[in-house]
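As structure tokens, the structure follows; a few thoughts come after it.
The values are calculated or read from the model by the stated rules, or taken from the named source; none is laboratory data. No experiment lies behind these values; they were computed from the predicted model shown. No Cβ is skipped: glycine too gets one built from the backbone with ideal geometry, and neighbour counts run over all protein chains shown. Calculation scope for accessible area: heavy atoms of the full protein, side chains included, ligands and nucleic acids excluded. Shrake-Rupley method; radii C 1.70, N 1.55, O 1.52, S 1.80 Å.
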Amino acid sequence: MKRSLKITLKIVGALIVLLLLAAGIGWWYFNAKFLDFEGDFPENKSLATLSENGYSFTDRNANGKLDVYEDARRSLDERANDLLAQMTLEEKIHLLKGSGLASGLGRLEPGEGIPGAVGTIVPTPRLGIPTVYLSDGPAGLRIQPIRENEERTYYATAFPIGTLLAATWNTDLVGEVGSAMGNEALEYGLDVILGPGANIHRHPFCGRNFEYYSEDPVLTGYIGAAMVNGIESNGVGTSVKHFVANNQETNRNNNNAIVSERALREIYLKGFEIIVRESQPWTIMSSYNKINGTYVAESPYLLTDILRKEWGFEGLVMSDWFGGNDAPAMIRAGNDLLEPGTKFQWNALLEAQEDGELSEAAIDTSVKRILKLILGTKKMQNYPNTNDPNLEAHAAVTRRSAAEGMVLLKNEGVLPLAPASKLALLGVTSYEFIAGGTGSGDVNEAYTISLEEGIRNTGLDKEGGLGAGSYTINEAAKNAFEAHKEAHPKEFVKPEGFQAMFVPYNPPQLSYSEAQLREFAAGSDAAVITIGRNSGEGGDRTEANDFLLSRQERDLIEGACQAFHDAGKPVVVVLNVGGVIETASWKNRPDAILLAWQGGQEGGNSVADILSGNVNPSGKLPMTFPVKLSDHASDANFPHDGKPMSMTDMMAGKSVPENEQVRDVDFTVYEEGVYVGYRHFDTAGKDVSYPFGYGLSYSTFEVDSLQAQLADGMLQVSLRVRNTGTVPGKEVVQLYVSKPGSQIDRPLQELKAFGKTRNLIPGEEQTLNFRIATDDLRYWDEQASRWVLEPGSYRLKAGVSSREIRQEAGVEL
């Protein structure tokens, strides 16, 4: 007995030693691999303000005189050259390696830095160069709102997701959203927002599609450029991501996207190209994946030859967090900034420079780009940020933009709902509205307006009392939800921040008996069912219970429609989703369907604005809703298991040793080529549930008088839009181009321009003007390796969706 006990104790002791040893090794590896390295580079000292010949300046290097880089009257190029000449080689290499993992995790001493800022460009204190702060932000800043030893808060506005903003088809409005977002960054002391996302919706399952705009590169490009221009109007930078073909989250660090040069140029690069041309963003973020065998972050062809030499991009390129595989190769390729910076990268850069594998000229090229960004920040102008942005005004922008991007998919004359209606809100999501996706695209907002709250807010007078047109809520339906929530307390705790990437928030759905539904129908004027979906960084979506409705959701729609229709009352379905779901099999049952997307913190108010008729819906789909998933040409080559990444996957990145040449074990063949989204569906003549560009209104519009003229390589197109309905509204006109009798394998038609009217009163008309460069009608000739314009006749098609063309005109090129 004693002997066996001794053996057991020895085994337990050995296990404890092994666990401690493993923990120690793990901590050493984590510290060596990931923790920020600052070396002998302490933070900035206090800086004096001096005057020379009547010009006041900050004496950043404390030499008592005005240096070129301190003179804001000089060009950024001159100032960067002067500053570069004063830096030591070690300071230069230090600048290539970012920092900020501690701040990103909120592990800062009270009063230091900006908790939650996911990364930084490191300071150079000897020369008075400050820390530059980077924040996640496709839908708003992701910073820590509650800080130790501070009573005040630092909440940021949760704006609508990117897909909703694209559905507005309104570049001016998106610019307003960007301006508000940039102002929050400015006032909170942040210098660069890590967004917008400009990847293409290649397939509905990409977990981060909600961050991205569209399946079409032209819509992506112009909406993205509007966002960049809005943000950067505040003197705050953007980082357009993820360059390029980052179209899945599954094994994103190792995946090799095998894509033809033509598809790469015409589909996946085109949106980024338009953004560079129209907005010249401060930075672009390289993606994790490989393209045709080479990591994007290590590709001179993509980062230097195309991005800079062909397109004229002037800013810096930064890596995605822990992206790339070989730090010196990244710098040589034109990936200037390595985020969030690791000791391994620091050592690799030093060794490569000493061994001659990384020239000082290559270092200087990247460092100068980083210096130009730093010199252009408000920090170098000593801007006194207030930490007090106008969150109330920004909430109003959010509410207005969210409503404009919501898409009315169906309306059998039941919307807007009659004033003073009593509504039965059904489904968990009616009371637990989803503001946005998860992961780095999430926002720590102060609140999220649910549909219930939005309905209750509709019609309130200035004192907060009920107005004559106010809606009321069926309390029996509300009580059913509250009882359900009380019975599942743990499942209704929403994970936040990084935790949300690994712990999905899926509160249990609510089932109703037939008797309950008939009771609700008897005591209500209408039913509103909300279907919710969420996704985000770290995993892709799945078909069962995600793209497809769950059995409970199907039963709810069927049961509610039966009960309410038997009572002569309508059913409205609201889709609080981040991407495409299947609708073809059930859309005939409800009387109306509103695609509300994820509208940010004011989403419930925005939906209520549309249901009540306070806002006339004018959103249009930025992607196709297929009849079934397999109708997508990309479906045969997209992962379907939806396996989420682990913390190790995110932090460690590659599963292969650095610098080791191995066979690609994970790849995705972009076999569909340029036939993505409507390019495929329209060319193949496939039935769809809802086509690209589709969306209904409470009004009707006439499109006519299409005219086109060719002059100096530019197509000048105009047409007239008239409101022929009975209520004010806006209309989106989409201009497609086709090439009849083409000798090239090309899509039936492609979007080349779009425009949106102002809010037209009944009978009012507006002329929309478009400019299309003939260069934009070219295709990529893979044999000649260049853009080629096919001569002959082209058709210009003005439509309100890709399947509803209102006017056509011909032009000879």
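So, with a 1.4 angstrom probe, what is the percent of accessible area on the chain that is carbon and sulfur?
Result for the chain: 50 percent of the exposed heavy-atom area is carbon or sulfur.
What is the Rg over Rh value, at two decimals, for the stretch 80-207, using alpha-carbon atoms and the Kirkwood definition of Rh?
1.05
Taking the Cα atoms only, what angle lies between the long axis of helix 391-405 and the longest principal axis of the chain, rounded to 10 degrees?
That works out to roughly 50 degrees.
Accessible surface of Val615 in the full protein assembly, 1.4 angstrom probe, to the nearest 10 Å²?
That residue has around 40 Å² of solvent-accessible surface.
Just the number: Rg to Rh for the stretch 263-419, Cα atoms, Kirkwood Rh, two decimals.
For the stretch 263-419, the value is 1.14.
Suppose we keep just the DSSP beta bridges with both residues in the chain; what percent of those would be antiparallel, to 5?
The antiparallel fraction comes to roughly 60 percent.
Taking the Cα-to-Cβ direction at His565 and at Leu50 and moving 7 Å from each Cα, how far apart do the two end points lie in nm?
Distance between the two pseudo-spin positions: 8.2 nm.
Compute the Cα gyration tensor for the stretch 670-746, then decide on rounded, prolate or oblate, letting a ≥ b ≥ c be the square roots of its eigenvalues: rounded whenever a/c is under 1.5, prolate when a/b is larger than b/c in the other cases, and oblate in all that remain.
oblate
At q = 0.17, 0.22, 0.25, 0.26 Å⁻¹, work out log10 I(q)/I(0) for the stretch 63-145 with the Debye formula, treating every Cα as an identical point scatterer and leaving solvent out; two decimals please.
Calculated log10 I(q)/I(0) at the listed q: -0.81, -1.01, -1.12, -1.16.
How large is the dipole of the chain about the Cα centre if only Lys and Arg carry +1 and Asp and Glu carry -1, each at its Cβ, rounded to the nearest 20 debye?
Charge dipole, the chain, about its Cα centre: 900 debye, nearest 20.
Suppose we take every Cα in the stretch 275-330 and form the convex hull; what volume per residue is that in Å³?
81
Give me the number: length gained by fully extending Asp687 to Asn588, i.e. 0.36 nm times residue separation minus the C-alpha to C-alpha distance, one decimal in nm.
This chain segment gains 34.1 nm when fully extended.
With N set to the residue count of the stretch 331-455, report its C-alpha Rg divided by 2.2 N^0.38 Å to two decimal places.
1.85
For the stretch 529-602, how big is the tail of P(r) above 14 Å, as a whole percent of Cα pairs?
62
Select one label from [x] 43, 35, 28; [y] 96, 38, 31; [z] 52, 35, 25: the one whose number is semi-axes √(5λ) of the Cα gyration tensor in Å as derived from the coordinates shown.
[x]
Provide the per residue accessible area, probe 1.4 Å, for the chain, rounded to a whole number of square angstrom.
The answer is 38 Å² per residue.
Leaving ligands, DNA and RNA out of it, work out the accessible area of Arg202 with a 1.4 Å probe and give it in Å² to the nearest 10.
Here the residue's solvent-accessible area equals roughly 0 Å².
Could you rank Thr88, Thr124 by how accessible they are, 1.4 Å probe, largest area first?
In descending accessible area the options line up as Thr88, Thr124.
Which sequence of His640, His242 reflects their accessible areas, 1.4 Å probe, from the largest down?
Largest accessible area first, the list is His640, His242.
Would you tell me the accessible area of Glu360, worked out with a 1.4 angstrom probe on the heavy atoms of the protein chains, in Å² to the nearest 10?
80
Expected output is a single nm value to one decimal: the length gained when fully extending between Ile761 and Thr774, i.e. 0.36 nm times separation in residues minus the C-alpha distance. What is it?
1.2 nm
Set the Förster distance to 30 Å, then compute FRET efficiency between Lys65 and Glu90 from the Cβ-Cβ distance, nearest 0.05.
0.75
At 0.36 nm per residue, and after removing the present C-alpha to C-alpha distance, how many nm does the segment from Asn479 to Ala393 gain when stretched out fully?
Extra length available between Asn479 and Ala393 comes to 27.6 nm.
For the chain, what is the calculated [θ] at 222 nm in deg cm²/dmol (nearest 500), taking -39500 (n - 2.57) for each run of four or more DSSP H residues and dividing by its residue count?
Helices in the chain give a 222 nm mean residue ellipticity of -8500 deg cm²/dmol.
What's the magnitude of the charge dipole for the stretch 317-476 around its Cα centre, counting Lys and Arg as +1 and Asp and Glu as -1 at the beta-carbon? Answer in Debye, nearest 20.
The calculated dipole for the stretch 317-476 is roughly 600 debye.
Which aspartates and glutamates does Lys494 reach when only Cα atoms under 15 Å apart count, and residues fewer than 8 places away in its own chain are ignored?
The qualifying aspartates and glutamates are Glu432, Asp442, Glu445, Glu486.
Sorting Glu804, Glu70 by accessible area (1.4 Å probe), largest first, what list results?
In descending accessible area the options line up as Glu804, Glu70.
Helix 2-33: angle to the longest alpha-carbon principal axis of the chain, degrees 0 to 90, nearest 10?
Tilt of helix 2-33: around 90 degrees.
With a ≥ b ≥ c the root eigenvalues of the C-alpha gyration tensor of the stretch 120-177, is it rounded (a/c under 1.5), prolate (a/b larger than b/c) or oblate?
Verdict is oblate for the stretch 120-177.
Can you tell me the orientation of helix 551-566 relative to the chain, as the angle in degrees between its alpha-carbon axis and the longest Cα principal axis, to the nearest 10?
30
Could you give the nm distance between label points at Arg152 and Asn382, where each point is 7 Å from its Cα heading toward the beta carbon?
Result: 2.1 nm between the two label points.
If R0 is 25 Å, what FRET efficiency do you get for Leu789 and Ala809 from their C-beta distance, rounded to 0.05?
The value I calculate is 0.85.
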